[in-house]
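The values are calculated or read from the model by the stated rules, or taken from the named source; none is laboratory data. Predicted model only: the values in this text are computed from it and were never measured. Cβ placement follows ideal geometry from the backbone for every residue including glycine, while neighbour counts extend to all protein chains displayed. Each accessible area value is taken on the protein alone, full model and side chains, heavy atoms only, with ligands, DNA and RNA left out. Shrake-Rupley method; radii C 1.70, N 1.55, O 1.52, S 1.80 Å.
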Amino acid sequence: MNQRRNVRVNINGAVHDVPAVTNETLADFLRYRLGMVGTKKGCETGDCGACTVIMNGKAVNSCLVLAVEADGANVTTIEGIGSAGRLHPLQQAFIDHGAVQCGFCSPGMIVAAKSLLDDEPEAAAEDIRLAIAGNLCRCADYVAIAKAIAAAGKVLRAGK
Amino acid sequence: MNHVGKIIGKPILRKDAPGKVAGEARYVDDLALPGMIYGKVLRSPHPHARVRSIDASRALKHPGVLAVLTAQDIPGANSIGAIIKDQPILCGDVVRFAGDAVAVVAAETERAAEEAMAQVVVNYEVLPAVMDPLKAMEPGAPSVHPAGNIGTHFKARRGDVQAALRDAAVVLERRFFTQRIEHAYMEPEGAVAAVDPQGGITIWSSTQYPHRDREEVSRMLGLPQSRVRVHQMTTGGGFGGKLTPHAQCCAALIAWKTGRPAKVKYQRDESIIASHKRHPYVMDLKLGATKEGKLLAIEATLVGDTGAYLYEGRAVITKSVTHVTGPYYIPSVKADGYAVFTHTVPCGAMRGYGIPQIAFALESLMDELATRVGLDPIEVRMRNALDTTLPTATGQVLHASVPFKEMLQRTKRAADSFKPLLAKAPKGKRRGIGVGCSTRSIGSIRKSSRSTAIVTLSPDGSVTIACGHVDLGQGSDIMMAQVAAEVLGVDVDRIQLLTNDTAVAPDCESTSASRVTYLSGNAVRLAAEKVRRQVLELAGRDLGCDPEDLRLVDGVVAYRERGITLADLFNRHVYHEITAVADFMPETEPLDPETGQGSAAGTYSFSTHAALVDVDEGTGQVQVLRYAAVCDVGRLINPITVEGQVRGGVMMGIGYALTEEVKVNGGVSNPSFATYLVPTSFDVPEEISVEIVEDPEPTGPFGAKGFAEGTLDPVGAAVANAVSAAIGVRVVRLPMTSERVHALLHEPSS
Ligand code: FES
Ligand code: FES
């Protein structure tokens with residue numbers, strides 16, 4: 001245990017080459033090694049989705065992925081999607097539809113939605129429900145969240 | 001008021017949202033201080049045991065370990081609790097539930113702290129435990145606390161219940177059960193603490209009440225409160241669960257003892273095992289009515305399991321007893337509520353605070369009454385509805401803002417709109433409609449409350465509001481900004497809230513009990529009005545006119561065509577800024593301890609809900625298909641935040657109704673989101689319709705009052721009534737899991 005290995009990973013377009021402990025999760029690597037704390041941890045057992053990131057084009061729970069498994073991967077985190085000053089249409093839609101309250105689930109939820117819309121720009125209501133089924137929100141409601149995602153999908157399609 | 005309606009009632013977007021959706025908002029675990037160390041809490045595996053000894057010698061040798069702290073290391077008071085401080089921060093002598101804390105291990109890394117924790121040897125003498133509240137009330141049961149297992153007994157008495165029941169044409173009687181549930185805020189508890197060079201301490205906290213954190217830490221360390229400063233970080237949900245700052249005290253103790261900044265955060269399983277829950281109730285209700293469905297009397301015994309500690313149990317039970325008649329007038333009342341100790345995880349505040357339980361029981365009986373007297377469920381409620389002439393269970397007549405009858409009519413329309421769908425149930429499903437109603441006092445009911453706000457107007461027309469009611473994501477900051485903006489004639493973007501720092505914001509009690517809009521909204525309004533008055537008086541002097549004829553808009557005081565800027569006005573009178581402080585305290589009178597009678601609250605809010613559900617005959621699974629919530633907000637301040645609150649509350653209520661139950665087998669046996677099931681995107685109805693009724697509360701800010709908990713209060717009742725209607729068997733126990741409903745369908749006597 002506790003061996004160190006270098007992890008070379010492309011995060012949001014920038015390459016990081018940083019040592020990680022072999023049993024360190026990608027969530028902890030992002031948060032505590034790189035200080036990218038936008039990715040949240042609500043359970044660390046794969047049950048809440050707060051830690052969702054996109055790895056090689058797929059939404060994953062970063063608490064279930066080891067940092068060393070991300071060696072060589074492309075990772076997108078919430079920081080790579082938009083900033084408070086330059087919001088991505090998904091982020092704007094979450095605000096407009098009242099889909100954010102305490103906000104703790106929002107980064108994971110938005111990353112999961114981004115992954116869906118990347119794959120299926122025309123995602124229907126049922127696809128949206130499914131895509132966020134692993135992302136828990138305790139404050140807002142999934143109806144508002146799903147509406148926000150559908151609205152963002154429309155904006156994104158119109159922009160293409 | 002010149003500007004009423006310009007800003008109040010408008011869907012203004014909240015300011016915290018962009019940072020949250022961008023992942024830039026900072027929660028406590030996002031914070032790292034130089035030299036910061038980590039603490040892990042060692043907890044008892046036994047529900048009841050004497051702590052004979054704690055041997056930390058091996059743990060202390062573990063690399064990176066700095067300290068293992070126990071009860072003996074606490075310099076001040078070793079007790080904590082929201083209202084009644086009866087939980088040891090670290091148990092020195094006896095543990096009273098599996099999860100009670102005995103030590104905290106501090107180390108350079110989280111991992112080292114965890115590894116070392118496994119090496120602390122606690123020698124326990126296991127003692128007999130009592131896990132069931134009814135057994136705990138029996139003579140000879142093991143005692144949880146020396147004074148016995150009945151933590152509180154609260155009564156309501158009015159009229160002659162026995163005689164009324166004897167004469168009643170219809171008497172209904174049943175026992176109902178509700179379960180223990182978890183808040184399940186997505187962000188687990190946590191805090192960072194650091195000693196400052198002047199010998200004080202600063203805490204960064206995930207909290208609903210920074211001033212309570214300050215109080216508890218100061219008691220524990222024996223420090224004056226003025227030397228403890230608490231910053232609320234962006235908080236990932238609370239719902240009543242972040243009112244007892246245990247993690248905060250542990251972090252503070254480590255920082256105090258080691259001199260290093262320290263972080264303590266709970267893991268999810270730890271959060272579910274150790275944090276307080278919603279009280280499970282056993283409720284015996286007896287309802288008497290005429291054959292026309294007019295209620296005559298209620299007799300109720302409510303037993304709430306408060307677990308190992310009481311901290312809010314007394315207030316929760318009081319809330320249930322004082323609301324035992326729900327939104328109805330019942331002439332004769334006899335209710336007894338008990339908060340009973342057991343050796344289980346403590347129960348305390350949770351959104352709803354004693355109302356969801358009693359609403360489930362009472363509303364179930366209201367439906368039975370409707371069936372017995374041959375009336376529509378809405379009609380029987382209408383016949384007994386409170387209005388501005390009839391008293392609540394505590395004898396208080398609400399003279400205004402009681403729109404319950406209108407709400408019932410709207411809910412009838414919603415339920416009627418579901419009716420055509422009844423016949424369309426797919427094969428293998430049974431479909432039903434249910435309604436649920438409730439009311440609640442706004443703010444605490446056992447004691448008076450006060451909110452204080454400090455409003456400061458700067459010469460550039462910008463405004464700060466210091467008020468210690470923190471926003472947990474429900475949108476109270478934007479509500480307060482709208483109130484001040486309305487009074488001071490400025491744009492909400494010119495207003496900055498200072499709520500989350502005990503050094504600048506006055507103590508306004510906790511963000512709970514649906515009190516923020518009513519109490520702090522009023523304090524902000526009053527302080528802003530004082531500022532406005534002062535400005536207009538100064539300007540009136542300068543302009544030689546009556547202040548009444550002046551308007552304050554966008555940093556300019558205007559008089560006909562003339563105007564004077566605030567900058568000029570302030571300059572002339574040598575003001576750098578104008579500040580005013582105001583308090584708001586609703587008028588209440590204490591409840592009589594023998595009869596529970598009194599005017600307990602400044603105002604009440606009502607809820608009427610309707611649900612359409614499908615029950616799967618094969619599996620017993622319940623799906624809520626449609627949901628309609630009618631809400632009473634007095635006056636709407638911000639439709640976006642209100643609707644968000646309503647939908648979120650309904651969703652939480654659906655979890656309470658259908659899937660959520662903290663199971664106790666020694667300790668909590670389902671401490672994960674894989675085993676404790678909160679609603680997911682598949683569990684919510686396709687549509688939750690929200691109707692807002694505006695019937696202004698004269699004592700509220702612009703007529704507004706609180707409503708947050710009312711969004712959840714009647715959901716369990718509405719869904720249970722819908723399920724009962726669908727399957728033709730009365731549900732008496734929450735949650736209505738597939739197994740339970742399946743059993744009711746196939747062996748109805750079970
Ligand atoms: S933290 Fe990864 S799924 Fe919850
Ligand atoms: S907004 Fe709080 S958990 Fe989703």
Quiz item: Just how much of B:Thr659 is accessible, in Å², when a 1.4 Å probe is used and the result is rounded to the nearest 10?
Solution: 50 Å²
Practice problem: Step through the table entries B:Lys40/B:Lys663; B:Lys265/B:Lys447; A:Lys154/B:Lys10, compare each Cα-Cα distance with 28 Å, and write down the pairs that go over it. | Solution: B:Lys265/B:Lys447
Quiz item: Straight-line reach from B:Lys135: which aspartates and glutamates have a Cα under 13 Å away, not including same-chain ones fewer than 8 places off?
Solution: B:Asp305
Quiz item: In whole angstrom, and with the biggest value first, how far do the Cα coordinates of the stretch A:89-159 range along each principal axis?
Solution: 30, 22, 17
Self-check item: Fully extended contour minus Cα-Cα distance, from B:Val121 to B:Glu694, at 0.36 nm per residue
Solution: 200.2 nm
Quiz item: With Cβ to Cβ distances under 12 Å as the rule, what net charge do the other residues near B:Thr675 carry (K, R +1; D, E -1)?
Solution: -3
Quiz item: When every alpha-carbon pair in the stretch B:331-406 is counted, what percent end up more than 14 Å apart?
Solution: 75 percent
Quiz item: So what's the gap between the Cα centers of the stretch B:149-180 and the stretch B:535-602, to the nearest angstrom?
Solution: 48 Å
Exercise. Only Cα pairs under 8 Å and at least 6 apart count here; give the relative contact order of the stretch A:4-80 as a rounded whole percent.
Key: 39 percent
Quiz item: Using modelled amide H (1.01 Å from N, peptide plane; none on Pro or chain starts), what sits under 5 Å from the amide H of B:Arg229, excluding residues fewer than 5 places away?
Solution: B:Ile201, B:Thr202, B:Ile203
Quiz prompt | Positive-end residue of A:Ile132, A:Val155, A:Ile95, charge dipole of the stretch A:89-159 with Cβ unit charges | solution = A:Ile95
Quiz item: About its Cα centre, what dipole magnitude does the stretch A:4-80 give when the only charges are +1 on Lys and Arg Cβ and -1 on Asp and Glu Cβ, stated in debye to the nearest 20?
Solution: 100 debye
Practice problem: Mind ranking B:Arg560, B:Arg410, B:Arg175 by accessible surface for me, highest first, 1.4 Å probe? | Solution: B:Arg560, B:Arg175, B:Arg410
Practice problem: Calculate the radius of gyration of the Cα atoms of chain B to one decimal place, then report Dmax, the largest Cα-Cα distance, as a whole number, both in Å. | Solution: 26.8, 84
Self-check item: q = 0.12, 0.21 Å⁻¹: log10 I(q)/I(0) that the Debye formula gives for chain A, counting C-alpha atoms only
Solution: -0.49, -1.33
Practice problem: Under 15 Å Cα to Cα from B:Lys419, which aspartates and glutamates show up? Leave out anything in the same chain fewer than 8 places away. | Solution: B:Asp376, B:Asp614
Self-check item: Whole-Hz ³J(HN,Hα) from phi, Karplus 6.51 cos²θ - 1.76 cosθ + 1.60, for the stretch A:149-160, glycine and proline x
Solution: 5, 4, 5, 5, x, 4, 4, 5, 5, 5, x, 8
Practice problem: Kindly provide log₁₀ I(q)/I(0) values, in the same order as q = 0.11, 0.14, 0.23 Å⁻¹, from the Debye equation applied to equal alpha-carbon scatterers of the stretch B:211-305. | Solution: -0.54, -0.68, -1.24
Quiz item: Using a 1.4 Å probe, how large is the accessible area of B:Trp256, given in Å² and rounded to the nearest 10?
Solution: 80 Å²
Practice problem: Among DSSP beta bridges whose residues both lie in chain B, state the antiparallel percentage, nearest 5. | Solution: 75 percent
Exercise. Just reorder B:Ile54, B:Ile442 by solvent-accessible area, largest first, 1.4 Å probe, all chains present.
Key: B:Ile54, B:Ile442
Self-check item: Distance histogram for the stretch A:4-80 (every C-alpha pair counted, 5 angstrom bins, percent rounded to whole numbers)
Solution: 3, 19, 32, 29, 14, 3
Quiz item: When you count, for each residue, the other Cβ atoms within 10 Å and take the mean per peptide, how do B:632-645, B:456-469, B:139-152 rank with the highest first?
Solution: B:632-645, B:456-469, B:139-152
Quiz item: Roughly speaking, to the nearest percent, how much of chain B's 1.4 Å accessible area is carbon and sulfur?
Solution: 50 percent
Self-check item: Total accessible surface hidden between A and B, rounded to 100 Å², 1.4 Å probe
Solution: 4000 Å²
Practice problem: Would you mind telling me the antiparallel percentage of the DSSP bridges in the protein assembly as shown, rounded to 5? | Solution: 80 percent
Exercise. Mind checking the stretch B:374-405 for trypsin sites (Lys or Arg not before Pro) that DSSP puts in a loop (not H, G, I, E or B) and that have at most 11 other Cβ atoms within 10 Å?
Key: none
Self-check item: Listed residue pairs exceeding 25 Å between alpha carbons, taken from B:Lys20/B:Lys263; B:Lys85/B:Lys242; A:Lys58/B:Lys263; A:Lys58/B:Lys15; B:Lys155/B:Lys286; B:Lys15/B:Lys242
Solution: A:Lys58/B:Lys263; A:Lys58/B:Lys15
Practice problem: Working with all protein chains in place, sort A:Asp71, B:Asp213 by solvent-accessible area computed with a 1.4 Å probe, largest first. | Solution: A:Asp71, B:Asp213
Practice problem: Translational diffusion coefficient, Stokes-Einstein: compute it for the protein assembly as shown using the Kirkwood radius over C-alpha pairs as Rh, at 25 °C and 0.890 mPa s, and state it as an integer in µm² s⁻¹. | Solution: 86 µm²/s
Quiz item: Given a Förster distance of 51 angstrom, what is the FRET efficiency for B:Thr301 paired with B:Gln72, based on the Cβ-Cβ distance and rounded to 0.05?
Solution: 0.75
Quiz prompt | Solvent-accessible surface (1.4 angstrom probe) belonging to B:Arg450, in square angstrom, nearest 10 | solution = 110 Å²
Quiz item: Roughly what % of Cα-Cα distances in the stretch B:451-580 sit above 17 Å, to the whole percent?
Solution: 54 percent
Exercise. Check every DSSP H run in chain B and write down those whose alpha carbon atoms cover 20 angstrom or more along the long axis and whose mean Kyte-Doolittle hydropathy is -1.0 or greater.
Key: B:355-373, B:404-422, B:521-543, B:639-658
Self-check item: B:Arg227-B:Glu114 FRET efficiency (beta carbon distance; Förster radius 35 Å; 0.05 resolution)
Solution: 0.65
Exercise. For chain B, calculate the relative contact order in percent as a whole number, restricting contacts to Cα pairs under 8 Å that are 6 or more residues apart.
Key: 16 percent
Quiz item: Rolling a 1.4 angstrom probe over the protein heavy atoms, how many square angstrom per residue are accessible across the protein assembly as shown?
Solution: 34 Å²
Practice problem: Return the long-range amide H neighbours of B:Gly240 (sequence gap of 5 or more, or a different chain), with a cut-off of under 5 Å between placed amide H atoms. | Solution: B:Arg351
